[in-house]
1. Tell me which residues, restricted to the range 95-132, are within 16 Å of ligand 1 (Cβ to nearest atom) and farther than 19 Å from Ala85 by Cα.
2. Here's a check for you: in the range 38-81, which residue that is over 29 Å from Glu125 (Cβ atoms) and in a helix (DSSP H, G or I) is farthest from the chain's Cα centre (by Cα)?
3. Pairs please, first residue from the range 12-23 and on the phi > 0 side of the Ramachandran plot, second anywhere and within 6 Å of ligand 1 (Cβ to nearest atom) and of a type in the set (Gly, Ala, Ser), Cβ atoms under 8 Å, 6+ apart in sequence or on different chains.
4. Could you please find all residues in the range 177-188 being within 18 Å of Gly223 (Cβ to Cβ), part of a helix (DSSP H, G or I) and either free of Cβ contacts under 8 Å to residues at least 24 places away in the same chain or among the aliphatic types (A, V, I, L, M) (or both)?
5. Which residue pairs have Cβ atoms under 6 Å apart, sit 6 or more places apart or on different chains, and have a first residue in the range 139-166 that is within 16 Å of ligand 2 (Cβ to nearest atom) and a second that is small (Gly, Ala, Ser) and at pLDDT 95 or above?
6. Just for the range 211-237: of the residues that are without any contact (Cβ under 8 Å) to a residue 60 or more places away in the chain and in a loop (DSSP other than H, G, I, E, B), which one is surrounded by the fewest Cβ atoms within 10 Å (Cβ to Cβ)?
7. What's the number of the condition Asp53 fails, among (1) within 21 Å of Thr219 (Cα to Cα); (2) away from ligand 2 (no atom under 13 Å from the Cβ); (3) of a type in the set (D, E, K, R)?
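The values are calculated or read from the model by the stated rules, or taken from the named source; none is laboratory data. Since the model is a prediction, treat every value here as computed from it, not as a measurement. So basically every Cβ, Gly included, is an ideal-geometry build from the backbone, and we count neighbours across all protein chains shown.
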Amino acid sequence: MRRGFFVTGTDTGVGKTIVAVGIARLLYERGIKVGVMKPIETGCELEAELPHDGKLLAEAARIEGDRKWVVPCRYAEPLAPLVAARRETRPVDFDAIQKSWAYLTGNYEFVIVEGAGGISVPIRENYTMADLALELGLPILIVSRPQLGTLNHTYLTAHYARSKGLKIIGIVISGFNSQTTDVAEQTNPEMLEELCQLPVLGKVPLTAQLETVEQIAETVQKGVYIESIIERCDDCF
Ligand SMILES: Nc1ncnc2c1ncn2[C@@H]1O[C@H](COP(=O)(O)OP(=O)(O)OP(=O)(O)O)[C@@H](O)[C@H]1O
Ligand SMILES: [Mg+2]
């Protein structure tokens, strides 16, 4: 593997999967051999070949034979990994995550990893999503909401990531309405750059139809500066 990044968010449900899926498909369409991974997915059917996020990611990168590596660790309840692990009395399987990671990095030139929830979500005692990104040796991409409140959430995410020694590629805002009359939403992109000292590499438009990978990729393409993401990512390696 030459490069890759870890998609985190300022919260659960901010658009990490939408952004990761869109970028994965756009890279694939550029002829890049892109692998994908959701190391821990919670709130999923344990018997399914792949759970929700993992399935979309695999479809985006058109992964067929290597699907078993995409989501190495799963829990049924939609909870933070440590909480789900305790309730199922089954700790997060780091061996499985490492095996998947070794396979994907050995077989793909670019790997996109989606975290679960936000950056400080606990995975085991004294070990958060940030520790996992560090262990995988990946820079992070922060997905943020456009609305009031995002300055605080995004700054705290960036600050915590930096305190852990992570490199940050930049911020992508998902659900951006370019026609908004809301002053917070109008001013947030610029203020995020100033406050976090990071580039906003994309403003994914607020879109009603986001079900298929094709719809997601088309939407992400409208708002994400893919060249800048690749360039910033290369600078982190
Ligand atoms: N640009 C957008 N326009 C409209 N809806 C969006 C947009 N981005 C994200 N959403 C919607 O927000 C919801 C959450 O998005 P998504 O699943 O990508 O979040 P997530 O951060 O991956 O969540 P999780 O923590 O569960 O993995 C989805 O229903 C998605 O379609
Ligand atoms: Mg997701």
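1. Listed by number, the residues that qualify are Ile112, Val113.
2. Across the range 38-81, the extreme among qualifying residues is Arg67.
3. Partner pairs satisfying both residue conditions: Gly15/Gly9; Gly15/Ser174; Gly15/Gly175.
4. Result: Gln186, Thr187.
5. So the pair list comes out as Ile140/Ala133; Ile140/Ala161; Val143/Gly9; Val143/Gly15; Val143/Ser174.
6. The selected residue is Glu211.
7. (2)
Results for (1) surrounded by fewer than 18 Cβ atoms within 10 Å (Cβ to Cβ); (2) in a loop (DSSP other than H, G, I, E, B), shown as yes or no for each residue.
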| site | (1), (2) |
| --- | --- |
| Ser120 | yes, yes |
| Ile123 | no, no |
| Leu132 | no, no |
| Thr157 | no, no |
| Arg162 | yes, no |
| Ile173 | no, no |
| Leu192 | no, no |
